[in-house]
Amino acid sequence: MIRAPSLAAAVPYEGDGFLVEVDAARERADIVLDRPPFNVITMPQREELRRVFEALDEDERVRVIVLRAKGEHFSSGGDIPGFLEASPEHVSKLAWNIAAPSRCTKPVIAASRGYCFGVGFELALASDFRLASETCVYALPEQRLGQIPGSGGSARLQKIVGITRTKDIVMRSKRIPAKLACEWGIATEIVADDKLEAATDDLVRELSAFSPLAQRTAKKLLNETEDASLSIAMELEGHAYSRLRSSDDFREGVAAFREKRPAKFKGS
């Protein structure tokens, strides 16, 4: 089992088909899928990834987490024979494990190129920001196996693109190229393939400059009010706003604005 202290003591950490790099100077952690050529994600790897997200969430050196992959493809999806070998109890935990990026209190960026299929797409959908290279193609191809997405893919996708487009994608195992994914709001941004790393670096720097307390609050509020009515969402937003008004970061932000200087946030 991976816990925060052991992860911090061994960087990079080599897991089952992935590695973890922590750059304390940039307050950044990278989870890098590394099972060439297609970065297939095994059943045990899903649980291990969940534990790594939880460990990085507790790591005070880390402000932003990047999920990326080595090679031409983010991931072609899961290890298909592994589904037949896994116990029902293990399978029942799939959605919980893959939802780890969403539960993580820190911003999570999924940077993808090439295939982003199946559980790879579901991991990206659970992330906060999806940067797509122009070569990226998203898909939930489970219908071709006589199955359906089992780790939150169809549910999350429906929230983004609606039921009509989700049926088109899921029921036809349709592939969505990066340009269309960006137009539909699946991808946050599309960039040239050779600019994906630079775009990821830029977004990490941007997010790291904000108050970590305000970032955590915004992510939690947006996640929890996604299904709420407008009146409830506004009420919860008001409560969160009121709490932040008493924070050190808010006082620092106001002072920096008045003094025309960059703010130095501490997360308190």
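Checking Val161, Val108, Val137 one by one, the residue that is more than 19 Å from Phe38 (Cα to Cα) and surrounded by fewer than 24 Cβ atoms within 10 Å (Cβ to Cβ) is Val161 and no other. On the stretch given as the stretch 213-242, residues that are part of a loop (DSSP other than H, G, I, E, B) and not aliphatic (A, V, I, L, M) total 4.
Please determine whether any residue of the stretch 197-204 is under 25 Å from Pro101 (Cβ atoms) and touching a helix residue (DSSP H, G or I) at 6+ places or on another chain (Cβ under 9 Å). The answer is yes, given that some residue of the stretch 197-204 is under 25 Å from Pro101 (Cβ atoms) and touching a helix residue (DSSP H, G or I) at 6+ places or on another chain (Cβ under 9 Å). Only one of the numbered conditions (1) over 20 Å from Cys104 (Cα atoms); (2) surrounded by 10 or more Cβ atoms within 10 Å (Cβ to Cβ) is violated by Pro262, and that is (2). Residues in the stretch 215-263 that are of a type in the set (Ser, Thr, Tyr) and more than 30 Å from Leu157 (Cα to Cα): 3 in all.
Scanning the stretch 23-40 for residues that are buried (at least 20 other Cβ atoms within 10 Å of the Cβ) and part of a strand (DSSP E or B) yields Arg28, Ala29, Asp30, Ile31, Leu33. Sub-6 Å Cβ pairs linking a first residue in the stretch 212-241 that is in contact (Cβ under 8 Å) with a residue 24 or more places away in the chain and closer than 22 Å to Ser268 by Cβ to a second residue that is among the polar types (S, T, N, Q) and outside any helix (DSSP H, G or I), at least 6 apart or interchain, are Leu213/Ser247; Arg216/Thr105, ordered by first then second residue. On inspection, Asp16 passes the criterion of being modelled with pLDDT under 90, of a type outside the set (A, V, I, L, M, F, W, C), farther than 20 Å from Ser154 by Cα and outside any helix (DSSP H, G or I).
Taking the criterion of being under 17 Å from Ile41 (Cβ atoms) and of a type in the set (Asp, Glu), the only residue of the stretch 138-177 that qualifies is Glu142.
The values are calculated or read from the model by the stated rules, or taken from the named source; none is laboratory data. None of the values given here were measured: they were computed from a predicted structure. Using ideal geometry, Cβ is built from the backbone for each residue, glycine included, and neighbour counts are taken over all protein chains shown.
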